[in-house]
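Input: a single structure, listed below in structure tokens.
The values are calculated or read from the model by the stated rules, or taken from the named source; none is laboratory data. What you are looking at is a predicted structure, and each value in this text was computed from that prediction instead of being measured. Note that we place each Cβ from the backbone using ideal geometry, even for glycine, and neighbour counts take in every protein chain shown. These accessible areas exclude ligands, DNA and RNA; they are computed on the full protein's heavy atoms, side chains included. Shrake-Rupley method; radii C 1.70, N 1.55, O 1.52, S 1.80 Å.
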Amino acid sequence: MTTTNNTPATPYVHEHTPRLDWARHAPEVFKAMIKLDAASRAGLDPKTAELIKVRASQLNRCALCLDMHSKDALAAGESVERIIQLSAWEESKHFYTEREVAALALTDAITVLTDGFVPDEVYEQAAKVYDERELTQLIAAITTINAWNRFGVSTRQSPGHYTPGDYK
């Protein structure tokens with residue numbers, strides 16, 4: 001392997017193989033997840049939906065979902081800069097709208113339940129900028145990406161092969 005200037009390129013580490021093809025072994029569960037995913041994002045702003053999916057996937061360390069939803073966010077018109085800043089969104093709030101900040105805070109709280117509950121102030125912040133229907137959809141979308149992340153990390157799905165729109 002060489003680079004364009006004929007110097008040897010450093011080879012990448014070998015890609016791991018998935019532990020289990022869960023979608024093939026549990027096709028009805030996979031189909032139900034696809035339907036749940038579509039229902040959970042109905043009515044949500046597509047960019048916000050992708051931002052929360054990327055953020056939850058960062059927290060859950062789901063490489064497959066990070067790959068997929070970063071690509072889907074870009075395809076939805078999201079900027080590279082805002083995607084990059086997600087890992088430090090609390091220090092980069094000026095990159096996001098008030099609604100997006102509330103959605104990201106709620107995503108963090110629902111994804112990392114270290115206190116055993118979603119803090120009142122986080123919920124109230126989201127409830128101020130989302131009506132009850134929107135807030136319900138947002139919670140459903142956050143819960144759904146967390147379920148996808150658990151399938152991805154437990155079965156060790158491999159990132160890098162997704163093309164935006166494959167599962168829409």
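Within this structure, Arg133 passes the test of being within 22 Å of Gly43 (Cβ to Cβ), in a helix (DSSP H, G or I), open to solvent by 60 Å² or more (accessible area, probe 1.4 Å) and in contact (Cβ under 8 Å) with a residue 40 or more places away in the chain. Inspection of the stretch 14-22 identifies no residue that is at pLDDT 95 or above, closer than 22 Å to Phe151 by Cα and either in a helix (DSSP H, G or I) or open to solvent by 70 Å² or more (accessible area, probe 1.4 Å) (or both). Taken over the stretch 50-67, residues that are within 8 Å of the chain's Cα centre (by Cα) and not acidic (Asp, Glu) amount to 10.
Residues in the stretch 57-110 that are over 30 Å from Arg156 (Cβ atoms) and at pLDDT below 95: Gly77 alone. Of the residues that make up the stretch 29-49, is at least one surrounded by fewer than 18 Cβ atoms within 10 Å (Cβ to Cβ), touching a residue at least 60 places away in the same chain (Cβ under 8 Å) and of a type in the set (Lys, Arg)? Within the stretch 29-49, none of the residues are surrounded by fewer than 18 Cβ atoms within 10 Å (Cβ to Cβ), touching a residue at least 60 places away in the same chain (Cβ under 8 Å) and of a type in the set (Lys, Arg).
Residues checked against (1) in a helix (DSSP H, G or I); (2) of a type outside the set (Phe, Trp, Tyr); (3) over 27 Å from Trp22 (Cβ atoms):
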| residue | (1), (2), (3) |
| --- | --- |
| Asp67 | yes, yes, no |
| Leu74 | yes, yes, no |
| His94 | yes, yes, yes |
| Ala103 | yes, yes, yes |
| Asp115 | no, yes, yes |
| Glu121 | yes, yes, yes |
| Gln125 | yes, yes, yes |
| Gln137 | yes, yes, no |
| Thr144 | yes, yes, no |
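A count restricted to the stretch 66-95 and to residues that are more than 19 Å from Asn146 (Cα to Cα), open to solvent by 20 Å² or more (accessible area, probe 1.4 Å) and of a type outside the set (A, V, I, L, M) stands at 10.
In this structure, Val54 does not satisfy being without any contact (Cβ under 8 Å) to a residue 40 or more places away in the chain, assigned to a loop (DSSP other than H, G, I, E, B) and among the β-branched types (Val, Ile, Thr).
Give the residue, chosen from Thr144, Thr107, Thr111, that is touching a helix residue (DSSP H, G or I) at 6+ places or on another chain (Cβ under 7 Å) and either open to solvent by 40 Å² or more (accessible area, probe 1.4 Å) or farther than 15 Å from Arg41 by Cβ (or both). Thr111 is the lone residue from the list that is touching a helix residue (DSSP H, G or I) at 6+ places or on another chain (Cβ under 7 Å) and either open to solvent by 40 Å² or more (accessible area, probe 1.4 Å) or farther than 15 Å from Arg41 by Cβ (or both).
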